[in-house]
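Trainee: I'd like to ask some things about the structure below.
The values are calculated or read from the model by the stated rules, or taken from the named source; none is laboratory data. What you are looking at is a predicted structure, and each value in this text was computed from that prediction instead of being measured. Note that each Cβ is placed from the backbone with ideal geometry, even for glycine, and that neighbours are counted across all protein chains shown. Areas reflect the complete protein model, heavy atoms only, side chains present, ligands, DNA and RNA absent. Shrake-Rupley method; radii C 1.70, N 1.55, O 1.52, S 1.80 Å.
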Amino acid sequence: MSGVPQRTLLLWCPDWPVLAAEIVDGVPATDPVVVLHANRVIACSERARAEGIRRGLRRREAQGRCPHLTVVDHDPGRDVRAFEPVVAAVEEVVAGVEVIRPGACATAARGPSRYLGGEEAAAERIVEHVAQSCAVESQAGIADGVFAAGLAAREGRIVAPGGTREFLAAWPVEALGRPALADLLRRLGVRTLGEFAALPAGDVLARFGFDGALAHRLAGGRDDRPLAVRQPPADLTVTADYDEPVDRVDAAAFAARMLAERLHERLAGYGLACTRLGIEAVTAHGQELHRVWRHDGLLTAAAIADRVRWQLDGWLSGSNGRGGTRPARPTAGIVRLRLVPDGVLAQAGLQPGLWGETGEERERAHRALSRVQGILGPEAVVTAVLGGGRSPADQVRLVPWGDERAPARPGPPPLPPAGAAPGAASAPVVVPAGGGAGRRAGRGRAVAEPPWPGRIPPPAPAVVLPTPLPADVRDAAGEPVVVSARLAVSAAPARLTVGDGRPAEITGWAGPWPVDERWWAPAEARRRARFQVSLADGAALLLAVEGGQWLVEAIYD
């Protein structure tokens, strides 16, 4: 740990916990106010100090000195939230700010002093800007190192380069912020930082340990820790304002190309590329339009321009309000267009294939489908996402093209049918008609509980009917087949009639798979049982019986 400490400018807001309570909770800081932690005063207002209250007093003693005292509990989160606007105001003047603690932040003094006309002018500029922007009084100090700059800020002083050691020498050892060490040093006769710094470093390390050795370095003005500044995020958005409202598709295409090139150049300057693009527009009548486009690769300048042009074409070519599925056209032309790179990553994050570009066919399909979305809206092109659920309809979620393909319900791989070999499954799970083994296969699956109790075994049906068809199931004697509350089937299903069609012979069946959903909410409760059946003509269906009514839910391939 060697080297010259960095010239540091530190901004300090006195009594910050009290000011934070005023900013967030509305506690008037002009009244006698104290902030307590562990039943002791950690901060107090100027009026409270005039009443004889100091840090470290117990609550009872503080209230005894000032009966009309306002007591506020310590809240670190409140202090941080209230201090964020102050840090943002400092960052408007200088770059690279480190938050020391709520109420104090530091930055390197070299840069601001060079372009603001000296260290004193820089300190005055920052203090004035914070007062105007946040209505917060603060003091600034400049010295060699963060520790010395913090003490200089308490006096609003600028310590000359090289004079930090002499400046620190007169401060009491309590300034180190280590009460236990300060108490021990005083009992040993060491009262000031200068006296502590004069002790041999090896003896200090042997007697007080590593923390004492670090405090010894601070007392001697050897705080050479570099500032851990935070870098404000770069503003990557691009905006264009138009004096004449854009209401024609050709003019919108030109505007889209120019703005897309600006966005691409700005991203390239930071070594970034866009994967998700937000397009925002404001019309002359104040109407705000917004759409997000997603892409599974890196958006080039041409790809950005295409998506912006498609979206503007979709907005400006909308319906005229006389019906149709297209969105309504804006009542006025566009006067402001803004592109927001919502998802960015390093430009080298995606690599082309060894023998050519990866996914060229997908890119062509994506451009075509995105074009349809730009004209007809995002809901015009949807894809299916598989997830969890008990019925085939619940297991499929339709997602607009380009949106996140996340399932609506958790859906681990379904269990194979009872008795099937691992990985085997291609036909409906049915057995010959009248075989009791079919009922046991459907009801006796206690080997491993499925992720969704009542879910039918694989494979999934090929066609899921949007509206189930009414059906009639009868046994060999012509009597309706019913399922009791205990899932007992009255007789083996023998004939199936769908709607007004002709009866078909059932050659195999399996089930029932019971489903009892939302039984705790009577208005939403639903209880039904499903069957798989195969017919003499080779067809296979998924049936459900609910409230005594048979329904055809899906068809197997």
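Trainee: Is it the case, given these coordinates, that R262 is more than 16 Å from S370 (Cβ to Cβ), modelled with pLDDT under 85, surrounded by fewer than 17 Cβ atoms within 10 Å (Cβ to Cβ) and of a type in the set (K, R)?
Mentor: No; evaluated as a whole, the condition is false for this residue.
Trainee: Among residues belonging to region 216-231 that are buried (at least 23 other Cβ atoms within 10 Å of the Cβ) and of a type in the set (G, A, S), point out the one that is modelled with the highest pLDDT.
Mentor: If we take residues in region 216-231 being buried (at least 23 other Cβ atoms within 10 Å of the Cβ) and of a type in the set (G, A, S), then A219 is modelled with the highest pLDDT.
Trainee: Can you name the number of the only condition in (1) open to solvent by 10 Å² or more (accessible area, probe 1.4 Å); (2) under 25 Å from G26 (Cβ atoms) that R110 fails?
Mentor: Among (1) open to solvent by 10 Å² or more (accessible area, probe 1.4 Å); (2) under 25 Å from G26 (Cβ atoms), the lone unmet condition for R110 is (2).
Trainee: Does any residue of region 326-344 turn out to be modelled with pLDDT under 80, open to solvent by less than 70 Å² (accessible area, probe 1.4 Å) and on the phi > 0 side of the Ramachandran plot?
Mentor: No, region 326-344 contains no residue that is modelled with pLDDT under 80, open to solvent by less than 70 Å² (accessible area, probe 1.4 Å) and on the phi > 0 side of the Ramachandran plot.
Trainee: Hey, another quick one. Limited to region 176-191, what total is found for residues that are of a type outside the set (D, E) and surrounded by fewer than 18 Cβ atoms within 10 Å (Cβ to Cβ)?
Mentor: Residues meeting the conditions: 9.
Trainee: Also, quick follow-up: Report the residue count in region 442-501 for those that are modelled with pLDDT under 85, more than 44 Å from the chain's Cα centre (by Cα) and of a type in the set (D, E).
Mentor: Selection size over region 442-501: 1.
Trainee: Give me the pairs: first residue in region 304-333 and more than 18 Å from R257 (Cβ to Cβ), second residue modelled with pLDDT under 75 and among the basic types (K, R), beta-carbon distance under 6 Å, and six or more apart or on different chains, which are they?
Mentor: G318/R326; S319/R326
Trainee: Which pairs do you get when a residue that is within 12 Å of W171 (Cα to Cα), found in region 146-158, comes within reach of a residue that is hydroxyl-bearing (S, T, Y), reach meaning Cβ atoms under 8 angstrom, with the pair 6+ apart or on two chains?
Mentor: These pairs meet every condition: A148/T8; A148/T164.
Trainee: Hey, among the residues in region 76-90 that are over 12 Å from V136 (Cα atoms) and small (G, A, S), which one's surrounded by the fewest Cβ atoms within 10 Å (Cβ to Cβ)?
Mentor: Filtering first and then ranking leaves G77.
Trainee: Another question about this same structure. Suppose we filter region 492-537 for residues that are assigned to a loop (DSSP other than H, G, I, E, B) and surrounded by fewer than 17 Cβ atoms within 10 Å (Cβ to Cβ); how many remain?
Mentor: Initially, region 492-537 is screened for residues assigned to a loop (DSSP other than H, G, I, E, B), giving 492-494, 499-503, 518-525, 536-537.
So of that shortlist, the ones also surrounded by fewer than 17 Cβ atoms within 10 Å (Cβ to Cβ) come out as 499-503, 518-525, 536-537.
The number of residues fulfilling the criteria is 15.
Trainee: Scan region 165-187 for residues that are small (G, A, S) and over 45 Å from the mean Cα position of the chain (by Cα) and jot them down. Explain how you work it out, then say what you get.
Mentor: We begin by selecting, within region 165-187, every residue small (G, A, S); these are 169-170, 175, 177, 180, 182.
Result: A169, A170.
Trainee: For region 540-557, which residues satisfy the criterion of being surrounded by 14 or more Cβ atoms within 10 Å (Cβ to Cβ), within 19 Å of D475 (Cα to Cα) and out of contact with any Phe, Trp or Tyr (no Cβ under 6 Å at 6 or more places or on another chain)? Steps first, please.
Mentor: The initial filter retains those residues of region 540-557 that are surrounded by 14 or more Cβ atoms within 10 Å (Cβ to Cβ), namely 540-546, 550-556.
Checking the rest, the ones that are also within 19 Å of D475 (Cα to Cα) come to 540-546, 550-552.
L541, L542, A544, V545, E546, W550, L551, V552 - these are the residues of region 540-557 that are surrounded by 14 or more Cβ atoms within 10 Å (Cβ to Cβ), within 19 Å of D475 (Cα to Cα) and out of contact with any Phe, Trp or Tyr (no Cβ under 6 Å at 6 or more places or on another chain).
Trainee: OK, next. Within region 95-113, work out how many residues are free of Cβ contacts under 8 Å to residues at least 60 places away in the same chain and under 25 Å from D235 (Cα atoms).
Mentor: Residues in region 95-113 being free of Cβ contacts under 8 Å to residues at least 60 places away in the same chain and under 25 Å from D235 (Cα atoms): 1 in total.
Trainee: Can you name every residue in region 197-227 that is over 26 Å from E98 (Cβ atoms) and part of a helix (DSSP H, G or I)?
Mentor: Listed by number, the residues that qualify are A201, G202, D203, V204, L205, A206, R207, F208, G209.
Trainee: Can you tell me which residues in region 32-58 are out of contact with any helix residue (DSSP H, G or I) (no Cβ under 6 Å at 6 or more places or on another chain) and open to solvent by 30 Å² or more (accessible area, probe 1.4 Å)?
Mentor: Result: H37, A38, R40, I42, E46, R47, R49, A50, R54, R55, G56, R58.
Trainee: Could you tell me whether region 90-100 includes any residue that is farther than 27 Å from I158 by Cα and at pLDDT below 90? Break it down into steps so the answer makes sense when it comes.
Mentor: Taking region 90-100 and keeping what is farther than 27 Å from I158 by Cα, we get none.
No, region 90-100 contains no residue that is farther than 27 Å from I158 by Cα and at pLDDT below 90.
Trainee: Take the residues of region 19-60 that are assigned to a loop (DSSP other than H, G, I, E, B) and either of a type in the set (S, T, Y) or within 33 Å of the chain's Cα centre (by Cα) (or both): which is nearest to P102 (Cα to Cα)?
Mentor: Filtering region 19-60 for residues that are assigned to a loop (DSSP other than H, G, I, E, B) and either of a type in the set (S, T, Y) or within 33 Å of the chain's Cα centre (by Cα) (or both), the one nearest to P102 (Cα to Cα) comes out as S45.
Trainee: Something else about it: If you check R266, R262, which single one turns out to be among the basic types (K, R), more than 25 Å from E379 (Cα to Cα), under 26 Å from the mean Cα position of the chain (by Cα) and assigned to a helix (DSSP H, G or I)? Working first, answer last.
Mentor: Working: R262 fails: under 26 Å from the mean Cα position of the chain (by Cα).
Just one listed residue meets the conditions, R266.
Trainee: Quick check on region 147-157. Is at least one of its residues in contact with a helix residue (DSSP H, G or I) (Cβ under 9 Å, 6 or more places away or on another chain), among the aromatic types (F, W, Y) and surrounded by 16 or more Cβ atoms within 10 Å (Cβ to Cβ)?
Mentor: Taking every residue of region 147-157 in turn, at least one turns out to be in contact with a helix residue (DSSP H, G or I) (Cβ under 9 Å, 6 or more places away or on another chain), among the aromatic types (F, W, Y) and surrounded by 16 or more Cβ atoms within 10 Å (Cβ to Cβ).
Trainee: So, one more: Go through region 200-215 and report how many residues are in contact with a helix residue (DSSP H, G or I) (Cβ under 7 Å, 6 or more places away or on another chain) and either surrounded by fewer than 19 Cβ atoms within 10 Å (Cβ to Cβ) or at pLDDT below 90 (or both).
Mentor: Total satisfying the criteria: 3.
Trainee: Looking only at region 8-26, which residues are in contact with a strand residue (DSSP E or B) (Cβ under 6 Å, 6 or more places away or on another chain) and either open to solvent by less than 40 Å² (accessible area, probe 1.4 Å) or free of Cβ contacts under 8 Å to residues at least 12 places away in the same chain (or both)? Before you say what the answer is, go through the steps one by one.
Mentor: Initially, region 8-26 is screened for residues in contact with a strand residue (DSSP E or B) (Cβ under 6 Å, 6 or more places away or on another chain), giving 8-12, 15, 17-18, 21.
Matches in region 8-26: T8, L9, L10, L11, P17, V18, A21.
Trainee: For residues in region 188-219 being closer than 30 Å to A95 by Cβ and touching a residue at least 24 places away in the same chain (Cβ under 8 Å), which is farthest from the chain's Cα centre (by Cα)?
Mentor: Applying the filter and picking the extreme gives R217.
Trainee: Specify which of the listed residues (A143, A122, A131) is assigned to a helix (DSSP H, G or I), open to solvent by less than 10 Å² (accessible area, probe 1.4 Å) and either more than 29 Å from R59 (Cα to Cα) or in contact with a His (Cβ under 9 Å, 6 or more places away or on another chain) (or both).
Mentor: A122
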